[in-house]
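Have a look at the structure below, then the notes.
The values are calculated or read from the model by the stated rules, or taken from the named source; none is laboratory data. Predicted model, so just to flag it, every value in this text is computed and none were measured. Cβ sites come from the backbone with ideal geometry, for glycine too, and all protein chains shown count toward neighbours. Only protein heavy atoms, including side chains, enter the accessible area calculation; ligands, DNA and RNA are left aside. Shrake-Rupley method; radii C 1.70, N 1.55, O 1.52, S 1.80 Å.
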Amino acid sequence: MEALTSYALATSRFLLILLSLLILVRCLRSLLSEKYESEIWGHLSCQGESYPLTHWENLIGRSLSADVRLCYPSISRSHAVLYRNDKGIWKICDIFSKSGVWVNGVKVGSGGGQVRNGDVINLGGLVLRFHDITAADRQENEAVRTSAGSKVSPTVTLLELTGFQLMLMFQHSLSAGEDYARAILLAFVALIALQWCCYSALRLMDRSGFEVETLAFYLTSLGMSVAASSTPEDMYKQILLTLVAVALFLLSGWWLRSLRRTMALRLPVAALALALLAVNVVFSDAVLGARNWLDFAGYSFQPSELVKAAYIYAGASTLDRLFQRRNLYGFIGFSAVCVMALALIGDFGTALVFFVTFLVISYMRSGSFATVFLAVSGAGLAGFLAVTVKPYIAQRFATWGHAWEDVYGAGFQQTRAMSAAASGGLTGKGAGFGWLDDIFAANTDMVFAVVCEELGLIIGLCMVSAMLVMAFFAVRSARHGRSAYYPIAACAAMALLLTQMALNVFGSLDLLPFTGVTFPFVSKGGTSLISCWLLMAFVKSADNRRGSSFAVSTARRTGRREEEEEEPQDETPEQEIDIAQGNPYISRQEDWYEEDY
């Protein structure tokens with residue numbers, strides 16, 4: 001019987017590796033093989049040429065980065081921004097141009113002016129005519145785009161993920177005692193049911209892209225395995241927190257469907273983030289030099305994890321605001337307060353993660369390397385002061401690269417992590433059969449080593465690769481995003497998660513200073529898991545493939561909105577002459593939609 005059990009365990013270890021590789025390859029193949037066509041929202045015509053408007057915010061100018069590139073001497077490098085809201089109302093504003101912007105002969109400033117179908121736009125003497133698309137055109141364009149999931153079936157990938165979870169459950173059934181076997185079994189069954197319910201609900205919504213959710217559930221399954229090995233008594237709480245995290249992911253995706261609704265809540269979300277950090281600073285207790293945990297009604301949570309999603313939510317911005325310095329300065333001030341609060345509670349690992357996220361957002365918003373250089377210089381000075389003031393941080397830097405010189409002191413955790421990871425080999429000892437989880441904070445700060453010991457180096461690398469695939473997905477989707485808000489938020493979310501992953505993996509292996517940050521989705525902790533799923537909502541909102549994301553409104557819904565707008569009236573012959581001559585007049589008396597974003 002014992003020999004049969006050993007044989008079954010060895011077989012399941014190889015099946016885990018095979019299924020992990022299949023899941024990653026299928027998700028990556030789906031992302032690489034499918035086309036990412038841009039949506040078309042209108043056109044600008046000039047001298048017989050037509051320039052499609054493929055975003056809700058379109059930069060017009062001579063620069064290579066312009067969405068509508070006009071190579072004429074009279075056009076500035078960044079001349080104007082032509083943008084729309086999610087109700088289909090278009091506006092144009094002048095940004096840094098030398099010759100100005102006119103709509104139907106009326107000059108517009110940085111505040112912008114409304115543009116409607118058939119209007120004439122004059123940029124530095126170059127005359128363009130704006131053509132909005134109708135609801136019928138919108139649906140016709142959408143019908144010819146490639147549908148997500150057409151090349152690689154998401155159902156088959158999800159079946160492979162289910163097999164992976166069943167193998168994990170089987171291994172834990174062999175390693176767990178009778179007291180916890182039932183709880184572990186129910187937790188994995190509930191996780192499998194949750195992912196299939198989520199997938200079925202999206203299919204009912206005619207959504208077929210499920211790569212991001214599949215990878216997130218794959219990582220969450222590894223996190224469930226880590227929890228089953230280290231704290232099996234908390235399995236019911238773990239699955240409850242997973243249910244809450246996925247529910248918030250779906251709710252956040254629904255909320256992000258409306259850009260106007262999203263932008264309206266930016267300031268309250270930023271205020272909530274600062275309030276959470278203030279509560280953390282005032283009421284938290286210090287544990288090993290850091291005060292990043294709060295206890296409430298017998299439960300502990302980490303406010304800085306929730307602030308991550310709020311920080312990106314408030315930090316990203318639509319393109320018409322990117323070139324206004326006061327908005328960038330406001331974001332810099334908000335970031336500085338967040339980082340200082342994290343420094344006060346001693347959570348410098350999370351402060352570093354926030355700083356990298358700040359660099360990504362600030363560059364994508366401003367396009368200025370000077371801003372990034374100044375931020376890096378200021379961070380270097382702040383880091384030097386932190387090492388000087390906080391002695392335990394200096395000790396971590398001193399231990400970096402010298403962990404084996406003090407295996408019972410400063411290098412205790414890292415040397416154990418490296419030994420355990422090496423002992424697991426390529427295939428691991430089996431889920432629940434490791435010993436590293438007995439070390440303090442192993443299931444959070446050194447979770448990569450825990451996975452390598454129990455499941456093997458190959459699955460540890462698959463865990464890292466899953467994060468890299470999602471980052472690739474976010475970057476590729478960013479080029480075709482509807483509004484600038486979504487690509488900025490998606491890239492910032494993945495930059496934050498990748499930084500966390502790098503600090504966790506390299507820190508536990510003594511390749512970087514040990515910072516004590518979590519591995520996304522896998523490290524034990526309900527607040528961290530909820531934060532990661534909330535960040536996935538930003539990634540999904542940037543995916544505008546046909547029928548892919550529940551966080552993107554369909555052409556049918558968008559068309560209904562546009563049909564509600566008043567149909568534009570053609571100009572009279574007299575007005576056409578006035579426009580051609582550049583006479584200043586207002587072709588239509590109406591109120592501009594000033595609160596579109």
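Being modelled with pLDDT of 90 or more and either surrounded by fewer than 18 Cβ atoms within 10 Å (Cβ to Cβ) or within 30 Å of Thr11 (Cα to Cα) (or both) is a description that does not apply to Val372. For Ala551, the stated conditions hold: it is touching a Gly at 6+ places or on another chain (Cβ under 6 Å) and assigned to a loop (DSSP other than H, G, I, E, B).
A quick yes/no check of all residues on (1) β-branched (Val, Ile, Thr); (2) under 20 Å from Met167 (Cβ atoms); (3) surrounded by fewer than 16 Cβ atoms within 10 Å (Cβ to Cβ):
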position: Ile17; (1), (2), (3): yes, yes, no
position: Ser20; (1), (2), (3): no, yes, no
position: Ser30; (1), (2), (3): no, no, no
position: Lys35; (1), (2), (3): no, no, yes
position: Leu44; (1), (2), (3): no, no, no
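Of all positions in the stretch 51-67, at least one carries a residue that is more than 30 Å from Leu158 (Cα to Cα), touching a residue at least 40 places away in the same chain (Cβ under 8 Å) and open to solvent by 60 Å² or more (accessible area, probe 1.4 Å).
In this structure, is Ala278 under 20 Å from the mean Cα position of the chain (by Cα) and either at pLDDT 85 or above or not in a helix (DSSP H, G or I) (or both)? Judged against the criteria, Ala278 is not a match. Looking across the stretch 142-154 at every residue that is assigned to a helix (DSSP H, G or I) and open to solvent by less than 50 Å² (accessible area, probe 1.4 Å), the one that is nearest to Glu213 (Cα to Cα) is identified as Pro154. Note on the stretch 150-190: residues that are among the aromatic types (Phe, Trp, Tyr) and at pLDDT below 90 total 1. Of all residues in the stretch 220-232, those that are touching a residue at least 60 places away in the same chain (Cβ under 8 Å) have Cβ atoms under 7 Å from Cβ atoms of residues that are open to solvent by 10 Å² or more (accessible area, probe 1.4 Å) and among the charged types (D, E, K, R), 6 or more apart or on another chain, in Gly223/Lys524; Val226/Lys524; Ala227/Asp234; Ala227/Lys524; Ser229/Asp437; Ser230/Asp437; Ser230/Lys524; Thr231/Lys524.
Take the conditions (1) out of contact with any helix residue (DSSP H, G or I) (no Cβ under 7 Å at 6 or more places or on another chain); (2) open to solvent by less than 60 Å² (accessible area, probe 1.4 Å); (3) at pLDDT 90 or above; (4) more than 29 Å from Val552 (Cβ to Cβ); Phe130 misses just one of them, which is (4).
Of the residues making up the stretch 90-105, those that are modelled with pLDDT under 90 and open to solvent by 10 Å² or more (accessible area, probe 1.4 Å) are Asp94, Ile95, Phe96, Ser97, Lys98, Ser99, Gly105. For the stretch 468-485, the condition of being modelled with pLDDT of 90 or more, more than 19 Å from Val360 (Cβ to Cβ), out of contact with any strand residue (DSSP E or B) (no Cβ under 9 Å at 6 or more places or on another chain) and open to solvent by 20 Å² or more (accessible area, probe 1.4 Å) holds for none of the residues.
Flag set for Asn122, criterion: out of contact with any Leu (no Cβ under 6 Å at 6 or more places or on another chain) and at pLDDT 90 or above.
Please count how many residues of the stretch 506-534 are closer than 16 Å to Leu241 by Cα and at pLDDT 90 or above. Residues that pass the stated criteria total 11.
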